[in-house]
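Reviewing the structure listed below.
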Amino acid sequence: MGPSRSTLPNGREHFQHGPIDLVIAAEGHVHAVQAAHDAAWQRFATVLPELVAELPLLRAPIGTDCPLQGPVACRMWQACAPYRSGFITSMAAVAGAVAQEILAHYTGSGIARAWVNNGGDIAIHLAQGQQVRVGLWADLARFRPRAAPHPLPTDAQFTVTADLPVRGVATSGWRGRSFSLGIADSVTVLAHSAAAADAAATVIANAVDVSDARITRRPADEIKDDSDLGARLVTVDVPPLPAALVDQALQAGLARAEALRAQGLIWHAALVCQDRWRSTDATAGRPLVQ
């Protein structure tokens, strides 16, 4: 199937091609918004073929030099390169990097604010004085869509203003659409770009972990034969654990998040596991939200 495009309520655009599923919103001058949508659509149609052409390299562990050619592929590699001392492939940043590529068409004159949501990994554009609120859904197991006009209740909300060094939001965890080595229900990261947030969320979620025989793990390539993780064990089920173990896992993830924040790789992270929270803004409890 080729790429598809449709218009959603409130003027949002829906672009879909294979595994890439974008919801796009933009506000500003009507002609500028429409031109941005059309330009973004033209670019979108070429993204998946470009990535498929370099897929073997994208699934390979990050090395010292970037072997990739395409702009999205290179962005993926650059976002993951800070973590090359451990195992990571460029695929850890694919969703954020794609969102970021499409958002580039919404940053010109006449666009007040825009966001591209790629399955929960979001690239944001804010003109001076603008802001956006981002909802956090901590546990996908409890997700129940509600019919309009009822709003979707979120566990927390972040307000991102134009003066903050945040233009990307991403979430990772064992309940999400990608594999995780850890037991976090969710790790949400705010960073300078969507690709950077995506890579960091993956790394921090992997760090939210403990060793316990009750946790079920399986080789990634037994679940998906072309997984870039190969035979590495990924989490497939986490039963209710004692609070002390959950706190231990969260503290390990928080230490990783704080280290990344100190390096300037992220701005903020909120970590959730079995209704317990940690945040780079506090040592316990809910993250700084509004």
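Taken together, the values in this text are just the output of simple stated rules run on the coordinates, not laboratory data. Just so we're clear, the structure is a prediction, and the values are computed from it rather than from any experiment. Cβ sites come from the backbone with ideal geometry, for glycine too, and all protein chains shown count toward neighbours.
Observations on the structure shown:
- Taking W41, W77, W267 as the candidate residues, the one with maximal mean-square fluctuation in a Gaussian network model of the chain, Cα springs under 10 Å, is W41.
- A Gaussian network model of the chain, with springs between Cα atoms under 10 Å, assigns the largest mean-square fluctuation among P82, P219, P240 to P240.
- Reciprocal of mean inverse Cα separation for the chain (Kirkwood radius, Å): 19.4 Å
- Cα-based helix-to-principal-axis angle, 94-103 vs the chain, degrees rounded to 10: 20 degrees
- Gyration tensor verdict on the stretch 79-132 (Cα atoms; rounded if a/c is under 1.5, prolate if a/b is larger than b/c, oblate otherwise): prolate
- Acute angle (nearest 10 degrees) that the helix 71-80 long axis makes with the longest principal axis of the chain, alpha-carbon atoms: 30 degrees
- The stretch 193-290 shape via C-alpha gyration tensor axes, a/c threshold 1.5: oblate
- Computed from the C-beta positions of S85 and L233 and an R0 of 22 Å, the FRET efficiency is 0.65 to the nearest 0.05.
- Calculated FRET value between A45 and T216, using beta carbons and R₀ = 30 Å, to 0.05: 0.15
- Packing-based order for 1-14, 250-263, using average beta carbon neighbours within 10 Å, highest first: 250-263, 1-14
- Site pair Q248 and N10 shows an inter-label distance of 4.3 nm when each label is modelled 7 Å from Cα along Cα→Cβ.
- Cut-off 11 Å, label 7 Å out along Cα→Cβ of I223, residues of the stretch 182-203 by amide N: 182-183
- Put simply, when 182-188, 196-202, 95-101 are sorted by average Cβ atoms within 10 angstrom per residue, most first, you get 196-202, 95-101, 182-188.
- The magnitude of the dipole of the chain, with charges of +1 and -1 set on the Cβ of Lys/Arg and Asp/Glu and taken from the Cα centre, is near 420 debye.
- Each Cα pair under 8 Å and six or more residues apart adds its separation to the average, and for the chain the resulting relative contact order is 13 percent.
- Calculated [θ] (222 nm, deg cm²/dmol) that DSSP helices of n ≥ 4 give over the chain, each run adding -39,500 (n - 2.57): -9500 deg cm²/dmol
- In this label model, V30 and R276 are separated by 5.5 nm, measuring between points 7 Å along each Cα→Cβ vector.
- Here the gap between L164 and Q128, fully extended at 0.36 nm per residue and compared with their Cα-Cα distance, gives a gain of 11.9 nm.
- Centre separation in Å (Cα based) which lies between the stretch 39-104 and the stretch 169-237: 18 Å
- Environment charge at F15 (Cβ cut-off 12 Å; Lys +1, Arg +1, Asp -1, Glu -1): -1
- Residue with peak Gaussian network fluctuation, the chain [Cα springs, cutoff 10 Å], from D275, D209, D21: D275
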